[in-house]
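Trainee: Let me give you the structure first, and then I'll get to my questions.
The numbers here are math on the coordinates, done by the rules we state, and not lab data. Just so we're clear, the structure is a prediction, and the values are computed from it rather than from any experiment. Positions of Cβ are backbone-derived with ideal geometry, glycine not excepted, and every protein chain shown enters the neighbour counts.
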């Protein structure tokens, strides 16, 4: 269950991963690139999703505040269940945090089974971003 609600205008979730203490400016620049690449306007984003170990990271709080959206955080076990649906599984990420991906997995987990990735993981020096879309009705 998520704290996010979806409708025809706000149906995207931004999944984010980052190293601890990543610069909020770096993460915001990555978010801007992700939104542009996906063709998603900021006001179409329903929420931000990440791994629970990043709750409290200043960069996560800044992105949520700038987009005026709620954040949801998942444990590694929940994110690992999304591995069959992600495009870029990583053994390195698994070794570090216990799941094969954060950004893609979190975006998908926040929506649930009726989601699709519209932007697989992109990277900056210390962060990752992905965007998933809630499928409404039969698409």
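Trainee: Just for the Cα atoms in the range 23-82, what are the lengths along the principal axes, largest first, rounded to whole Å?
Mentor: Largest to smallest, the principal-axis extents are 30, 23, 18 Å.
Trainee: Another question, then. Just rank 136, 67, 108, fewest to most, by other beta-carbon atoms within 10 angstrom.
Mentor: 136, 67, 108
Trainee: Mind putting together the pair-distance distribution for the range 45-125? All Cα pairs, 10 Å bins, whole percent per bin, short to long.
Mentor: Histogramming the range 45-125 at 10 Å steps yields 19, 53, 27, 1 percent.
Trainee: Then there is this: Taking 7 Å along the Cα-to-C-beta vector as the label spot, tell me the residue 85-residue 5 distance in nanometres, rounded to one decimal.
Mentor: 2.2 nm
Trainee: Can I ask one more? With an 8 Å cut-off on Cα pairs and a minimum separation of 6 or more residues, tell me the relative contact order of the chain in percent.
Mentor: 33 percent
Trainee: How many percent of DSSP beta bridges within the range 10-92 run antiparallel, rounded to 5?
Mentor: Taking every DSSP beta bridge with both residues in the range 10-92, the antiparallel ones total about 0 percent.
Trainee: In addition: Residue separation times 0.36 nm, minus the C-alpha to C-alpha distance between residue 62 and residue 37: what's the value?
Mentor: Details: separation 25, 0.36 × 25 = 9.00 nm, distance 2.07 nm.
Contour length minus Cα-Cα distance gives 6.9 nm.
Trainee: How large is the Rg to Rh ratio of the chain when both quantities use alpha carbon positions and Rh follows Kirkwood? Intermediate results must be reported in sequence, preceding the final value.
Mentor: Working: Rg = 13.2 Å, Rh = 14.3 Å.
Ratio of gyration radius to Kirkwood radius for the chain: 0.92.
Trainee: May I ask you to compute the full-extension gain from residue 116 to residue 94, defined as 0.36 nm times their residue separation minus their alpha-carbon distance, rounded to one decimal in nm? Let's see the in-between values first.
Mentor: Details: separation 22, 0.36 × 22 = 7.92 nm, distance 2.19 nm.
This chain segment gains 5.7 nm when fully extended.
Trainee: Can you figure out the FRET efficiency of residue 136 with residue 21, using R₀ = 30 Å and their beta-carbon distance, to the nearest 0.05?
Mentor: Efficiency for this residue pair is about 0.20.
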